[in-house]
Amino acid sequence: MGRLETSDKDSVHLENEIQARIDKVFSNLERLEILSSKEPPNKRQNAKLRVDQLKYDVQHLQTALRNFQHRRYIREQQERQREELLARTFTTNGTQKKILDVANTLGLSNTVMRLIEKRAFQDKYLMIGGMIVTCVIMFLVVQYLT
């Protein structure tokens, strides 16, 4: 496990080797458990206790290996996300900038563009006012016709 912690990023081979060894130890422990049940009664309890302790230790090794694999996976995922972010190009206020670029391409002056923006602002209030008037008329029609 110590070699695994200090190895480079391509430690999958070493992880597989450790996993194979842990599996082999588990199979040996199962055989030991069977053999411990064949011990004389005065030694049987002590043998079972030792086998259980070994199982406990191997389970901790298995958990440590899984934790290492999880940390490696998280680290690789973070590296991929960082690379994606570095590859991405960011723009500031893209829509308004594109509109201004199109307007400049069409040859509109700054004065004309300011008038257009002012008109759009006024049109928004006209639209809201028209919506309110329409709702009031609909309410009055429903109120007096029913």
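Please treat every number below as a calculation from the coordinates, not as lab data. Note that the coordinates shown come from a computational prediction; the quantities given were computed from them, not determined experimentally. Quick reminder, even Gly has a Cβ in these numbers, built from the backbone with ideal geometry, and neighbours come from all protein chains shown.
Inside the stretch 10-28, residues that are exposed (fewer than 14 other Cβ atoms within 10 Å of the Cβ) and assigned to a loop (DSSP other than H, G, I, E, B) make up a count of 1.
Each row is one residue, and each column tells you yes or no for (1) more than 42 Å from the chain's Cα centre (by Cα); (2) touching a residue at least 24 places away in the same chain (Cβ under 8 Å).
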site	(1), (2)
D23	no, no
N28	no, no
K38	yes, no
Q45	yes, no
K55	no, yes
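Kindly indicate whether any position in the stretch 66-82 is among the hydrophobic types (A, V, I, L, M, F, W, C), under 30 Å from R3 (Cα atoms), surrounded by 10 or more Cβ atoms within 10 Å (Cβ to Cβ) and in contact (Cβ under 8 Å) with a residue 40 or more places away in the chain. Scanning the stretch 66-82, I find at least one residue that is among the hydrophobic types (A, V, I, L, M, F, W, C), under 30 Å from R3 (Cα atoms), surrounded by 10 or more Cβ atoms within 10 Å (Cβ to Cβ) and in contact (Cβ under 8 Å) with a residue 40 or more places away in the chain, so the answer is yes.
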